[in-house]
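Take a look at the structure set out below.
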Amino acid sequence: MKILFSFILISLCLLIWSVFIEPNILTVKHLTIQDEQLKGLKIVFASDFHIKPHETYRLNKIVRTINAQNPDIVLLGGDYVNGHKKGNSLPIEKIAKQFSYIISKYGTYAVIGNHDGWQGKEEIIEALENNGINVLFNNNTCFEKFCIAGVDDLQTGNPDIEKALLNINKPVILLTHTPDIMPNVPYDVNLTLAGHLHGGQVRLNKALVVPSAYGDKYANGFLNDKGKKIYTTKGLGTSILPIRFNCPPEIVVIEFSFL
C-alpha cells in the first residue's frame, strides 16, 4: 500500500511539474562561438513561441527577457501562433504588436514555421511586417559586416537555400524553422539557427521523440557537423502535449569571439 501511495504521489508531482511549472520557466542559454569574421556580434535567437489565447503574460516576459540581453540583432525562428486553428492561439496581431517592443541595434528578423503556415502564412507575414519585424522568405539582408538569410518552412512551403543566399559575399547566418535542411546547407554558411524540434519536450538522458528525419542528430544545442555549424533551440512553447520535462523553454544568446 505504501509503495502504491508513493508511486501515485511521485506521478502527481511529476505531472504538476511537467504541465504547470517547467513549461513556464524561461531560461537564457549563453553560447560563445569562435568566428573571426563575426567577432563582436551578439545575437538573441528565439523560436517556437506557440502562444496560447491566455498567454499574454508569457509573451510579455519573453520580450522583456530578450531586451534585457542588449542584443545587436534579434532572430525569430517561427511558430509564433499555436495549434492548427486560430482559436487555439493568441491572435497574430497581438503577438506581432508585442514583438514591436523588441529593441536591438540592427532590428528583428524572422522566418515562418509550420504552425504559421497552417494558420495563414500571408496573414502572419503581413502582421509581423506591419509591426516592424522583417520576415525573410528565401531571401537575405546584409549589413556592413554580415548578412542574415532566411528560408521558407520545409513542411508547409519550399525552402530555397540557393535563392536565400544569392549575391552574398559577407559572413552569413542562415535562419530556418527546421534543422532538416542541413544536408543542403553550404559549408561557407557561418552558422545556421533552427527550432521546430523543441528539444523533444521530454528528455531523460536524451529526447524521447524528435520530429526529424534525422532522429535526434539535431535535437537541441550546438553541433559542428564536419564544418557545418548549427544551433537548434529547445524553443519556448509546447506542441501536441502541453508538457516539458528536463527540457525548459529557452532563448539563446550567441556571442562571436576569436581567440
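The values are calculated or read from the model by the stated rules, or taken from the named source; none is laboratory data. Just so you know, these numbers come straight off a predicted model, no measurement behind them. Backbone-built Cβ (ideal geometry, glycine too); neighbour counts: all protein chains shown. These area figures cover heavy atoms from the full protein model, side chains too; ligands, DNA and RNA do not enter into them. Shrake-Rupley method; radii C 1.70, N 1.55, O 1.52, S 1.80 Å.
Below are the figures for this structure:
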read-out	value
Some residue of the range 148-163 being among the hydroxyl-bearing types (Ser, Thr, Tyr), touching a residue at least 12 places away in the same chain (Cβ under 8 Å) and assigned to a loop (DSSP other than H, G, I, E, B)	yes
Flag for Ile10 being in contact (Cβ under 8 Å) with a residue 12 or more places away in the chain, more than 29 Å from Lys228 (Cα to Cα), of a type in the set (A, V, I, L, M, F, W, C) and surrounded by fewer than 19 Cβ atoms within 10 Å (Cβ to Cβ)	no
Tabulated pairs, the range 202-231, first without any contact (Cβ under 8 Å) to a residue 60 or more places away in the chain, second open to solvent by less than 40 Å² (accessible area, probe 1.4 Å) and in a strand (DSSP E or B), C-beta under 6 angstrom, 6+ apart or interchain	Leu208/Val202; Asp216/Ala207; Tyr218/Thr232; Ala219/Ala207; Asn220/Thr232; Leu223/Ile230; Ile230/Thr192
Residue within the range 8-15 that is modelled with pLDDT under 95 and in contact with a Phe, Trp or Tyr (Cβ under 7 Å, 6 or more places away or on another chain) present	no
Which listed residue is touching a residue at least 60 places away in the same chain (Cβ under 8 Å) and open to solvent by 80 Å² or more (accessible area, probe 1.4 Å), from His30, His54	His30
Which numbered condition Ala164 fails, given (1) among the small types (Gly, Ala, Ser); (2) touching a strand residue (DSSP E or B) at 6+ places or on another chain (Cβ under 7 Å); (3) open to solvent by 10 Å² or more (accessible area, probe 1.4 Å)	(3)
Some residue of the range 65-80 being within 27 Å of Leu154 (Cβ to Cβ), touching a residue at least 24 places away in the same chain (Cβ under 8 Å) and open to solvent by 10 Å² or more (accessible area, probe 1.4 Å)	no
Scope the range 101-110; condition assigned to a loop (DSSP other than H, G, I, E, B) and surrounded by 15 or more Cβ atoms within 10 Å (Cβ to Cβ); matching residues	Ile102, Ser104, Tyr106, Gly107
Within the range 177-221, tally of residues that are aliphatic (A, V, I, L, M), in a loop (DSSP other than H, G, I, E, B) and either open to solvent by less than 10 Å² (accessible area, probe 1.4 Å) or within 19 Å of Ala149 (Cβ to Cβ) (or both)	4
Test result for Asn224, in a strand (DSSP E or B), at pLDDT 95 or above and either of a type in the set (Lys, Arg) or open to solvent by 50 Å² or more (accessible area, probe 1.4 Å) (or both)	yes
Identity of the residue in the range 248-259, at pLDDT 95 or above and not in a strand (DSSP E or B), that ends up surrounded by the fewest Cβ atoms within 10 Å (Cβ to Cβ)	Pro248
Verdict on Asp72 being among the acidic types (Asp, Glu), at pLDDT 95 or above and closer than 20 Å to Asn139 by Cβ	no
Unique match (being of a type in the set (A, V, I, L, M, F, W, C), in contact (Cβ under 8 Å) with a residue 12 or more places away in the chain and assigned to a strand (DSSP E or B)) among Leu236, Leu174	Leu174
Meets criteria (surrounded by fewer than 18 Cβ atoms within 10 Å (Cβ to Cβ) and either over 18 Å from the mean Cα position of the chain (by Cα) or assigned to a helix (DSSP H, G or I) (or both)) for Gly120	yes
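Conditions (1) open to solvent by less than 50 Å² (accessible area, probe 1.4 Å); (2) among the hydroxyl-bearing types (Ser, Thr, Tyr); (3) assigned to a helix (DSSP H, G or I), marked per residue:
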residue: Leu4; (1), (2), (3): no, no, yes
residue: Trp17; (1), (2), (3): no, no, yes
residue: Gly40; (1), (2), (3): no, no, no
residue: Phe49; (1), (2), (3): yes, no, no
residue: Asn60; (1), (2), (3): yes, no, yes
residue: Leu90; (1), (2), (3): yes, no, no
residue: Lys94; (1), (2), (3): no, no, yes
